[in-house]
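Written out below as structure tokens is the structure these notes cover.
The values are calculated or read from the model by the stated rules, or taken from the named source; none is laboratory data. Keep in mind that what you see is a predicted model, and the values were worked out from it rather than measured. Using ideal geometry, Cβ is built from the backbone for each residue, glycine included, and neighbour counts are taken over all protein chains shown. When the accessible area is computed, the model is the full protein with side chains, heavy atoms only, and any ligands, DNA or RNA have been set aside. Shrake-Rupley method; radii C 1.70, N 1.55, O 1.52, S 1.80 Å.
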Amino acid sequence: MSELDGNERWKTKMLMTEHVQAYVKAEQVAGGSNRMLTAEERNMIRDLILLPHIDTMVTKSLRELEHSSSILKRACLLAGEAIQRKVMQDTQRLQKELKQRNIRFVLDEQTDFVIYHKVFCRGYEERFGLTRDVMRTEISLRLTKYTAELGRIIKNGFST
């Protein structure tokens, strides 16, 4: 028996309406469906996993181009460097966005066909896997997108 048991004021718990509303609102923001990853966040994680691989591939291609004797060598190097800058900008943007959302991930394990990452999302842990085939396809699509974007910029610059 505690000292407070005989005190009638401690028998009921009373909260002011403002406190209840603030508590409910805080629970809605931090609780339930908002704690797990959304589809948009999964795409952001996937992109952030793929971007270093894209950067590595572009760097390898740039090294090969440096030893080329093509007359367009300089133009190709400039294009590759522009794509690399865009990849780095996208990487930094995604890192910042995920940090603001309190999401981080680390490499977990690699099997023959799947690469797994542990995702820590607002107090929860989840496992995120990408197959090598999906990674190859997504990398190819991203590189095509970067190349098309650079092509539009060059075309618009030359048409004036």
Item checked: Sparse-neighbourhood loop sites, chymotrypsin sites (Phe, Trp or Tyr not before Pro) in the range 76-125 - DSSP loop, at most 14 other Cβ within 10 angstrom -> F113
Check: According to a simple spin-label model (label point 7 Å from Cα along Cα-to-Cβ), what is the distance in nm between I154 and M88?
Finding: 2.1
Note to self: Filter K73/K96; K99/K145; K86/K155 down to the pairs with a C-alpha to C-alpha distance above 28 Å, please.
What the structure shows: K73/K96
Checklist line | Residue-level accessible surface for M57, protein heavy atoms, 1.4 Å, Å² | finding: 90
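Solvent-accessible area per residue for the range 62-160 at a 1.4 Å probe radius, Å²? Please report the intermediate quantities before stating the final value.
Values: 7240 Å² over 99 residues.
On a per-residue basis, 73 Å².
For the pair V106 and K145, what calculated FRET efficiency results from E = 1/(1 + (r/R0)^6), where r is the Cβ-Cβ distance and R0 = 22 Å, to the nearest 0.05? Intermediate results must be reported in sequence, preceding the final value.
Values: r = 27 Å, r/R0 = 1.23.
Efficiency computed from Cβ-Cβ geometry: 0.25.
Rg to Rh ratio, the range 42-155, alpha-carbon atoms and Kirkwood radius?
On the way: Rg = 16.4 Å, Rh = 15.6 Å.
When Rh is taken as the Kirkwood radius, the ratio is 1.05.
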Note to self: With every protein chain left in place and a probe of 1.4 Å, what is the accessible surface of S69, to the nearest 10 Å²?
What the structure shows: 110
